[in-house]
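Encoded as structure tokens, here's the structure I'll be asking about.
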Amino acid sequence: MSVTVHTAADLGAYAFWDTDPYKLNLEKDKRFIISRIFERAKMDDILNTIVFYGIPTCTDILIKNRYLSQPAIFLAHLLLNIQLDQFNNHVAAPNTQNKLPIAFYP
């Protein structure tokens, strides 16, 4: 599967409501772009971002993000198979017992 991306807007323009996605450099601003997509984008855009940047790059950036929300952490945990205790997060630190919150159980 390949994704044609020319600007950050191609990955989900509505996720960048407070900035101009056309001014973002896909390589230079990838930390901001990947984090913002995991925080605010739709599932299709998240999957396209993973395909475009690759699993290793997305994993590395999300693990090192200090301000990732708890829902974004759990999403990255499920999609990228990142252990919860690997996240370097200081705002919404997840539980470190590798258990999902009750809302995620059927």
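Only one of (1) part of a helix (DSSP H, G or I); (2) under 23 Å from His6 (Cβ atoms) fails for Ile73. Which number is that?
The failed condition is (2).
Quick check on Leu79: is it outside any helix (DSSP H, G or I), surrounded by 11 or more Cβ atoms within 10 Å (Cβ to Cβ) and either at pLDDT below 70 or out of contact with any His (no Cβ under 8 Å at 6 or more places or on another chain) (or both)? Steps first, please.
On the way: outside any helix (DSSP H, G or I): no; surrounded by 11 or more Cβ atoms within 10 Å (Cβ to Cβ): yes; either at pLDDT below 70 or out of contact with any His (no Cβ under 8 Å at 6 or more places or on another chain) (or both): yes.
Considered against the rule, which asks whether it is outside any helix (DSSP H, G or I), surrounded by 11 or more Cβ atoms within 10 Å (Cβ to Cβ) and either at pLDDT below 70 or out of contact with any His (no Cβ under 8 Å at 6 or more places or on another chain) (or both), Leu79 comes out as no.
The values are calculated or read from the model by the stated rules, or taken from the named source; none is laboratory data. Remember, predicted model here, so these are calculated numbers, not experimental data. Note that each Cβ is placed from the backbone with ideal geometry, even for glycine, and that neighbours are counted across all protein chains shown.
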